[in-house]
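First the structure, in the form of structure tokens, and then the observations on it.
The values are calculated or read from the model by the stated rules, or taken from the named source; none is laboratory data. Keep in mind that this is a model prediction, so the values were computed, not measured. Cβ sites come from the backbone with ideal geometry, for glycine too, and all protein chains shown count toward neighbours.
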Amino acid sequence: MKQQEDIINLLKWYMQVGVTETCGENAGLINKAPAAVPSVGVSANQTPIEQPRPIISSLAQTTTTACKNARELCEKAQTLEELKQIVESFDGCALKFNAKSTVFGAGNLNAEVMIIGEAPGADEDRLGLPFVGRSGHLLDKMLLAVGLKRQDVYITNVLPWRPPGNRTPTDSEVAVCLPFLKRQIDFIKPKVILLLGGSAANALLDNNDSISRLRGHWLEYVMSDKTPVAALASFHPAYLLRNSAQKAKSWSDFLRLLKKLKEN
Ligand code: URA
């Protein structure tokens, strides 16, 4: 438990000094942070930890451990409500400490359509619900255009916590939170999954292709029990708000979705 507390304190300190990456290219920022502040595992009469490098590798280990913990916790969840509580009390993703809310999925638990975005933005973080800001309003309009209301679908995100400044989630953040998303899919058992944006498409389909390549045709996601689910990637509404010329492509994606729903 002490070790866990140390790690949490360390992550809080990283956030205070502005560190947003603990691995990857930007991790060098850690070296520029003041060395005197951390008190991780150091009592008054011990020599402080001087070198940040072991801390980085211990954080890489922390990510691996957090992924494992997330997977194990997910297996314990027998209902969506239990899963929600597990996510709310999970401390393995540093984003949580900077966020106001844990934004879990919301909507129709018997939905045929499950919509997956990237991560909560400022409005979602404030209100604790997915897609309630500008992107959400555009999504509502797009759904309505194909005859779907918000009450008809289940909406969630890859990450339940807002990344600072809405930055793109890191690979480790996605890896740690992915088991929670996959377990939500197991409970909802949708007929189709709509992946909004590259982060959601890459995370769930386990590839690195651009959203421009992925969008517009049916792909497949396989649930834990090996059931295949039809998955369609499309542009994220936030991208459409900045690039309205792409709305026509999104419209064709939504029509494709509607056609699939009418099959069988
Ligand atoms: N963008 C997302 O990806 N998800 C939200 O919930 C809101 C904005």
Fill in the blank from the handout: Counting only residues in region 226-238 that are touching a Leu at 6+ places or on another chain (Cβ under 7 Å) and within 12 Å of the ligand (Cβ to nearest atom), the one farthest from residue 134 (Cα to Cα) is identified as 236
Handout entry: Residue that is surrounded by the most Cβ atoms within 10 Å (Cβ to Cβ), among those in region 194-251 that are among the hydroxyl-bearing types (Ser, Thr, Tyr) and farther than 21 Å from residue 137 by Cβ
Key = 221
Handout entry: From the options 143, 139, residue that is modelled with pLDDT of 95 or more, near the ligand (Cβ under 10 Å from one of its atoms) and outside any strand (DSSP E or B)
Key = 139
Problem - Near pairs, Cβ below 7 angstrom, 6+ apart or cross-chain, from region 97-119 (farther than 24 Å from residue 171 by Cβ and at pLDDT 95 or above) to any residue that is outside any strand (DSSP E or B) and of a type in the set (Val, Ile, Thr) - result: 107/153; 108/153; 109/188; 111/153; 111/188; 113/153
Exercise for the section: Go through the residues of region 208-223 one by one and say whether even a single one is within 13 Å of the ligand (Cβ to nearest atom) and touching a residue at least 12 places away in the same chain (Cβ under 8 Å). Expected result: yes
Exercise for the section: Could you tell me which numbered condition residue 97 fails, if it satisfies all but one of (1) part of a helix (DSSP H, G or I); (2) over 30 Å from residue 255 (Cβ atoms); (3) within 16 Å of the ligand (Cβ to nearest atom)? Expected result: (3)
Exercise for the section: Look through region 100-117, keep the residues that are over 14 Å from the mean Cα position of the chain (by Cα) and not in a strand (DSSP E or B), and return whichever of them is nearest to the ligand (Cβ to nearest atom). Expected result: 100
Problem - Near pairs, Cβ below 7 angstrom, 6+ apart or cross-chain, from region 239-252 (closer than 17 Å to residue 134 by Cα) to any residue that is among the small types (Gly, Ala, Ser) and outside any helix (DSSP H, G or I) - result: 239/197; 250/234
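One line per residue, one yes/no per condition, for (1) surrounded by fewer than 23 Cβ atoms within 10 Å (Cβ to Cβ); (2) over 28 Å from residue 208 (Cβ atoms); (3) at pLDDT 95 or above; (4) near the ligand (Cβ under 9 Å from one of its atoms):
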position: 148; (1), (2), (3), (4): yes, yes, yes, no
position: 154; (1), (2), (3), (4): no, no, yes, no
position: 157; (1), (2), (3), (4): no, no, yes, yes
position: 160; (1), (2), (3), (4): no, no, yes, no
position: 164; (1), (2), (3), (4): yes, no, yes, no
position: 174; (1), (2), (3), (4): yes, no, yes, no
Handout entry: Failed condition for residue 120, given (1) out of contact with any Gly (no Cβ under 9 Å at 6 or more places or on another chain); (2) near the ligand (Cβ under 10 Å from one of its atoms); (3) part of a loop (DSSP other than H, G, I, E, B)
Key = (1)
